[in-house]
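*Asks:* Take this structure first; my questions come after.
The values are calculated or read from the model by the stated rules, or taken from the named source; none is laboratory data. Since the model is a prediction, treat every value here as computed from it, not as a measurement. Cβ atoms come from the backbone with ideal geometry, glycine included; neighbour counts cover every protein chain shown. Just so you know, the surface numbers come from the protein's heavy atoms only, side chains and all, with ligands and any DNA or RNA stripped out. Shrake-Rupley method; radii C 1.70, N 1.55, O 1.52, S 1.80 Å.
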Amino acid sequence: YVLAGFVAFVLWLARLWMGRHRSGERASRPRGLVGAELAYMERLFRMRHPLRLVARVDRVYRRANGMLVLVELKTRLAARVHETDRIQLSVQKLVIEAQTGEVVEPQAFVSFASPTGRHARSSQSVKLLGVEEIVALVRRREAILEGRIEPTYARSPMHAVDVPFGRSATGFLFADKA
């Protein structure tokens, strides 16, 4: 009886922990994905053709129709989508489709949390780039790093802070060296 009681207690603790873990995930889920199922969380994906790319996703949900929807989690004072977010999510879409063969929606979400915790979570929808646009960005980056073309200045000081020359703020436009 003591062993059965102990096993029941451990199972109860595990269920309690799982419930808290699930509720944290649900708290950051965009309203438009309430009925969707969590398909991937904090997972790495790779592709080798037409580009060698690696992408790590925060969350990917599967709608009832089978389509996948990307969600990127950001902690920022201002709930504002940056172009780097759009690029990051677009690369994730390309890499997931290449690795899994599944279809990812051309719209994704960026979910924001305030670093102070004072503001409620919010989400914004983002239209993703197409394959040709991603390939062009990667090829341009390669040309700059190889010295074949000169980099141009950022259109605004905020862009210069967001993506310093020589590296990507997202970390996902670098070719996979492995």
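*Asks:* Pulled fully out, how much extra length does the chain show between L38 and A8, if you take 0.36 nm times their separation in residues and subtract their Cα-Cα distance? Please list the in-between numbers first.
*Replies:* Working: separation 30, 0.36 × 30 = 10.80 nm, distance 2.79 nm.
Taking 0.36 nm per residue and subtracting the Cα distance, the gain is 8.0 nm.
*Asks:* Another question, if that's okay. If you take the beta carbon distance between Q124 and R52 as r and set R0 to 25 Å, what does 1/(1 + (r/R0)^6) give as a FRET efficiency, to the nearest 0.05? Could the numbers behind the result be given before it?
*Replies:* Values: r = 30 Å, r/R0 = 1.21.
The computed FRET efficiency comes out at 0.25.
*Asks:* Let me ask another. How much length is gained if the chain between R80 and T152 is pulled fully straight, taking 0.36 nm per residue apart and subtracting their Cα-Cα distance, in nm to one decimal?
*Replies:* Details: separation 72, 0.36 × 72 = 25.92 nm, distance 2.40 nm.
Going from the current span to full extension adds 23.5 nm.
*Asks:* OK, next. Solvent-accessible area per residue for the stretch 1-153 at a 1.4 Å probe radius, Å²? If you can, show how the numbers build up before the last one.
*Replies:* On the way: 9510 Å² over 153 residues.
Ligands and nucleic acids excluded, the figure is 62 Å² per residue.
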